[in-house]
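Scroll down for the structure; my scribbles are underneath it.
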Amino acid sequence: MKISRFLMIGAASIATFAAPAFAQSADEEWEGAYIGGSFGLGAQSNDRGENVQFDTNLDGTFNNNVNTLAGANAFSPGFCGGAAAGNAASGGCTSDKDGYEYNIRAGYDIQSGNIVYGFVLEGGKNESRDSVTAFSSTPAAYTFTRELDYSVQARARVGYAARGALFYATGGAAYAKIDNSFSTTNGANSFSDNGSSKSWGYSYGGGTEVKIARNFSLGLEYLYTNFVDDNYVVSVGRGTAPATNPFLLVNSQGTDMRRSDSDFDMHNIRLTASFRF
């Protein structure tokens, strides 16, 4: 797996510097301000059970089936956790994209003996992509996709320092702008959406830093990050479709659609670098 390879390479890189760092018993000071950055991988969580929900009577509740004039479920071909490879379910879907990420960070630590605690602020971009597709019996595909435009995090840190190394746990609040988009092979109905969303969430995890110089450290960090993305809605209108179109049968104004999973979450593996003042 890509994430396993990344973790092994990162661990090997840190281990390369760990032995000389542990020998530097005279340099155990972690207190003070620091700035730095990170580069890593954002891996999508497994969302195989995700689907698309429908509000056919436009009452704001997404618990309806879209049925044909004959009463059959128009979306009987089902759903997939990815982007459609064609207009029919038989064509399958492409997998979600695990993307690289890069961040800048700044923080401050206070040290009391071997215990180190403080805070870190960071912001950056992530190239991960998360999609879900619904297939209708027409046949046609309807794909929802979301990506992080940017994210900002504020986290607390607490750790244990020993002979040039710091092992820590971290957690706090996260904020992101999420770019939502929609695509379909249905050329009859009209489609409109409410665009990007801004979302609060949280992040937690842990890591280690190793000093390779008195004021410079390298590290390896893991975070689980979750954003709540439940505001994106696609409205299906009449377009050139007849009144017997399944999206129009319950309400002539159309049907609203949204993805069932409001969680945009991922696992972050990062290599970090920090300069301390």
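The values are calculated or read from the model by the stated rules, or taken from the named source; none is laboratory data. Note that the structure is predicted; figures quoted are calculated from it, not measured. So basically every Cβ, Gly included, is an ideal-geometry build from the backbone, and we count neighbours across all protein chains shown. These area figures cover heavy atoms from the full protein model, side chains too; ligands, DNA and RNA do not enter into them. Shrake-Rupley method; radii C 1.70, N 1.55, O 1.52, S 1.80 Å.
Quick check for you: which residues of the stretch 223-252 have the amide N under 18 Å from the point 7 Å beyond the Cα of S260 toward its beta carbon?
Within reach of a label on S260: 229-234.
So, with a 1.4 angstrom probe, what is the percent of accessible area on the chain that is carbon and sulfur?
57
Placing +1 on the Cβ of each Lys and Arg and -1 on the Cβ of each Asp and Glu in the chain, which of G207, A89, G239 has its Cα farthest towards the positive end of the resulting dipole?
Toward the positive end, the furthest listed residue is G207.
Given R₀ = 51 Å, FRET efficiency for E31-K198 by Cβ-Cβ distance, to 0.05?
That pair, E31 with K198, gives E of 0.90.
By how many nm would the segment from F277 to F216 grow when fully extended, if each residue of separation counts as 0.36 nm and the alpha-carbon distance is taken off?
Working it through step by step, the gained length comes to 21.0 nm.
Rounded to the nearest 10 degrees, what's the angle between the helix 2-22 long axis and the longest principal axis of the chain, both from Cα atoms, 0 to 90?
Approximately 10 degrees, to the nearest ten.
Count the lysine pairs in the chain that are 8 or more places apart or on different chains: how many have C-alpha atoms under 25 angstrom apart?
For the chain, the number of qualifying lysine pairs is 8.
Give the accessible surface of the chain per residue, rounded to a whole number of Å², with probe radius 1.4 Å and ligands, DNA and RNA excluded.
Counting only protein heavy atoms, the per-residue value for the chain is 45 Å².
What whole-number distance in Å separates the alpha-carbon centres of the stretch 62-112 and the stretch 132-160?
7
Roughly how big is the chain's charge dipole about its Cα centre, with Cβ charges of +1 (Lys, Arg) and -1 (Asp, Glu), in debye to the nearest 20?
440
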